[in-house]
Amino acid sequence: MKDMTEGSVTRHLLEMSAFIAVSMLIQTLYLLADLYWVGSLGKEAIAAVGLAGNLMMVVLALTQALGVGTTTLISQAAGQKDQPRAELAFNQSFVLSLLVGVALTVCSFALRDQYCQWLSADAATAGLARSYLLWFIPALMMQFPLVALGSALRATGIMKPTVAIQAFTVLINMVLAPLLIFGIGPFPKLGVAGAALATFISVLIANILMVAYYVRNYHYLRFRLPLLKPQVKTWWAMLRIGLPAGGEFALMAVYIVVVYGIIRDFGAAAQAGFGVGARVMQAVFLPVVAIAFAVAPVVGQNFGGRRGDRVRRSYYSALGITSVTMLLLTIALQFAGETFIRLFSKDTGVIAFGSEYLRIISLNFVAMGIVFTSSSVFQGIGNTLPPLVSSMTRLILFALPAALLSRMPGFQIRYVWYLSVASVLFQACVNLLLLRREFRRKLTFDEPAGLSGQPALP
């Protein structure tokens with residue numbers, strides 16, 4: 001376990017975010033490579049994978065809920081030097097992740113056909129989306145235990161094993177994807193389903209390797225049979241923190257569904273352009289997401305150790321790094337957005353739609369950096385309701401006007417992108433005000449040790 005209650009908080013942030021960024025870069029390279037191979041199958045295939053990828057936002061919401069709760073409880077326990085409480089949270093998180101993953105899989109298969117038919121622009125896209133989800137849904141189920149295991153390591157400041165395992169399994173994925181998509185050599189030609197099958201195999205291997213690492217190498221957090229017995233009180237302590245954070249990602253999924261519903265009538269090229277643009281935006285967001293993921297455990301350990309001055313320094317340092325980084329990325333996409341889209345599609349409609357999306361939506365990058373960073377500080381402190389409230393406000397300010405605009409004569413999709421930018425700017429301002437209030441309330445530490453933040457686990 002790495003003690004982050006001592007030493008430079010900026011150094012801790014940079015060290016952790018560097019490993020997280022490498023991990024995310026590897027994953028993003030896979031996503032972009034996967035999109036490249038699928039792109040050769042046509043715009044309907046791109047749109048189908050994009051539609052299926054919306055389900056990933058639901059999974060991100062649920063895994064975020066589990067991951068944030070795990071990270072917060074374990075990091076605060078580690079900051080208080082309470083190893084038994086950290087180990088209890090770890091084992092309960094693993095059990096809960098398995099149960100949620102199985103439940104989501106059952107629901108996803110039950111609703112698969114209706115989901116694809118509802119959001120697809122045409123029958124061909126719907127058919128390809130159904131084919132992709134056949135293997136992508138099981139791959140999503142395997143994400144739950146993987147996130148629980150990775151979050152526990154991140155909470156204790158350990159990142160190298162997660163990055164190494166992810167790099168290895170993503171390499172497997174990148175190799176398998178074209179073989180299964182195009183039927184190279186002895187492999188069957190599965191089209192878009194091949195890309196999903198490659199993802200499932202790689203995630204399965206990642207889970208096996210992570211469990212093996214815990215069993216053989218990691219001694220601060222161990223699997224213990226008595227601690228694996230479900231404990232609802234511990235689950236609630238975890239979900240009370242994690243669910244609002246997961247709710248933020250769920251609202252992002254609603255945002256994407258709203259957008260797909262609006263652009264549906266623009267055809268498969270528009271859906272493909274938005275899908276490619278969204279993937280590119282995820283790639284360029286790597287630095288800010290890496291910093292945000294690093295902030296939560298650093299803040300959590302220092303909050304658990306009752307170091308309010310270090311909590312503040314962690315936030316200000318992260319905010320400065322993300323703001324400068326996102327400003328540079330905004331400038332880059334203003335001039336090179338079309339170039340990124342051309343890497344994945346030669347269709348002129350896809351290029352035009354996707355490049356306009358990137359050029360406009362990049363105007364809110366600095367604000368998004370503020371949103372991500374402040375939300376992660378709330379996670380470390382253990383109060384995730386305020387950022388959920390700001391996210392709900394942002395969705396209301398976006399979804400209702402967007403739906404009304406789409407029904408007006410002469411409607412153009414760029415109106416939706418500008419509306420999105422304005423709503424994110426508002427959300428960033430609200431988050432800053434709420435976090436300022438949170439610092440005044442939570443960083444006094446007048447109460448006895450163990451009563452600040454979340455209640456002690458049983």
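The values are calculated or read from the model by the stated rules, or taken from the named source; none is laboratory data. These numbers come from a predicted model, not from an experiment. Because the Cβ atoms are built from the backbone with ideal geometry, glycine has one as well, and the counts that use them run over all protein chains shown. Each accessible area value is taken on the protein alone, full model and side chains, heavy atoms only, with ligands, DNA and RNA left out. Shrake-Rupley method; radii C 1.70, N 1.55, O 1.52, S 1.80 Å.
Observations on the structure shown:
- Residue in the stretch 331-351 that is farther than 27 Å from Asn383 by Cα and modelled with pLDDT of 90 or more present: yes
- For Leu190: the one exception among (1) outside any helix (DSSP H, G or I); (2) surrounded by fewer than 19 Cβ atoms within 10 Å (Cβ to Cβ): (2)
- In the stretch 193-229, the qualifying residues are those that are hydroxyl-bearing (Ser, Thr, Tyr) and in a helix (DSSP H, G or I), and the one that is most open to solvent (accessible area, probe 1.4 Å) is Tyr213.
- On the stretch given as the stretch 400-440, residues that are open to solvent by less than 90 Å² (accessible area, probe 1.4 Å) and not in a helix (DSSP H, G or I) total 5.
- Meets criteria (in a helix (DSSP H, G or I), open to solvent by 10 Å² or more (accessible area, probe 1.4 Å) and either within 18 Å of Ile208 (Cβ to Cβ) or in contact with a strand residue (DSSP E or B) (Cβ under 7 Å, 6 or more places away or on another chain) (or both)) for Leu104: no
- Helices (runs of 4 or more DSSP H) fully within the stretch 283-363 counting 1 or more residues that are open to solvent by 30 Å² or more (accessible area, probe 1.4 Å), basic (Lys, Arg) and farther than 28 Å from Thr5 by Cα: 308-342, 348-361
- In this entry, Ile256 is excluded by the filter for residues that are modelled with pLDDT under 80 and open to solvent by less than 10 Å² (accessible area, probe 1.4 Å).
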